[in-house]
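Written below as structure tokens is the structure these notes are about.
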Amino acid sequence: MWRRGINVMGTEVKVKNWVNGTEGTTFVGLSANFGAPLPRDIQEAQKSFALLANPLNCCSNLTSKLANSVALATRGECAFTAKAKIAQAGGADGLLVINDNEELYKMVCSENETSIDVTIPVVMIPQSAGNKLQELLNHGTSVEVQLYSPNRPVVDLSACFLWIMAVGTIVCASLWTDFVSCEQVDERYNQLARKDGHNMGTNYREDKEIFEISANGAIGFIIVASVFLLLLFYFMSSWFVWVLIVLFCIGGIEGMHVCLVTLLARIFKDCGQKTAQLPFVGEVLTLSVGVVPFCVVFAILWAVYRHESFAWIGQDVL
């Protein structure tokens, strides 16, 4: 489960939901520091129907009946404790507060409140999840929710996985030249560049790993990078996002192409020897020509499905 956006330490709440009896995607909420605690075990959690508060902000006496249900209300216009008391007075078994953005903040009491009589659980949920539930309820769809707060594990497996990915990438990169790269490919292969027939021996291998940069070049790089960051900050828009996506895909295609050609040429040594003549390009490895379409299709598929839950895998590969 993705836990981005929880800014203040609080108790995480899993919100399972069913739409017309079909289980939907579980999302994460954050419980208030007042109200009833939620069960730790999902088996002990009660499944209740979700209903919209009326008025939706839950800041005045409700005209809707919320008995044996979980009320859904929007944030704002009154204190969280006031919303909870009104929902409780309306007979609700719990209250889900839709935040005005994706970030989650722990709901606290105001300083002048010394006695709070709230006996129902109160949970804040992200805007996207709340809007989805609100839209379903507005169309008369039956929505059931189940709230529980599982114990946090001593060791967060997701954090361990991210650590392994980061360290593993560095280790693989450091061992790439000695244990993976093929010297024969280094001599004959320069991605899809034109082959001029010049000697590509020891001098070439030594020269291609040297990148000289002057003081003017360094200053120019800093200026260009700063301008790019300013544009990114002040003129962020949909077209600029697409520029970044295209640049990312181009870099990912090139990187994937180099890695795949090198690995395949080391495994299938005969393929690393065969070349082909291409118009406007010249002599290139046949293996390189075969790998390019795969890399391009992979990057395009990631760009198309980048909002899906599995898109992070393709992004990490690129």
**OP:** Give me the number: length gained by fully extending A218 to L247, i.e. 0.36 nm times residue separation minus the C-alpha to C-alpha distance, one decimal in nm.
**Re:** 8.3 nm
Original post:
Which whole-Hz couplings ³J(HN,Hα) result when phi for each residue of the stretch 283-294 is put into the Karplus expression 6.51 cos²θ - 1.76 cosθ + 1.60, θ = phi - 60°, listed in order with x for Gly and Pro?
Top reply: 7, 9, 5, 4, 4, 5, 5, x, 7, 4, x, 4
Original post:
Among the lysines, which fall within straight-line cross-link reach of K47, defined as a Cα-Cα distance under 24 Å, with same-chain neighbours fewer than 8 residues apart omitted?
Top reply: K14, K16, K65, K83, K85, K106, K132
Subject >> Rg ratio (alpha-carbon, reference 2.2 N^0.38 Å) - the stretch 213-318 >> reply: 1.40
Original post:
What does the accessible area per residue of the stretch 209-318 come to in Å², with a 1.4 Å probe and no ligands, DNA or RNA counted?
Top reply: 72
**OP:** Let me know the whole percent of all Cα-Cα pairs from the stretch 263-312 that are separated by more than 17 Å.
**Re:** 52
**OP:** Can you run the Rg to Rh ratio on the stretch 14-125? Use alpha carbon positions and the Kirkwood inverse-distance Rh.
**Re:** 0.94
Subject >> When the convex hull of its Cα atoms is projected in every direction, mean area for the stretch 71-179 (nm²) >> reply: 12.0
**OP:** Mind checking the full-extension length gain between M236 and A67? Use 0.36 nm per residue of separation minus the Cα-Cα distance, one decimal, nm.
**Re:** 56.2 nm
**OP:** Report the local net charge at N151: Lys and Arg +1, Asp and Glu -1, summed over other residues whose C-beta lies under 14 Å from its C-beta.
**Re:** -1
Subject >> Mean separation of Cα contacts under 8 Å (6+ apart) over length of the stretch 250-300, as relative contact order % >> reply: 37
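The values are calculated or read from the model by the stated rules, or taken from the named source; none is laboratory data. The structure presented is a predicted model; accordingly, all values stated were derived computationally and were not measured. In this analysis, Cβ positions are derived from the backbone assuming ideal geometry, glycine residues included, and neighbour counts consider all displayed protein chains. Calculation scope for accessible area: heavy atoms of the full protein, side chains included, ligands and nucleic acids excluded. Shrake-Rupley method; radii C 1.70, N 1.55, O 1.52, S 1.80 Å.
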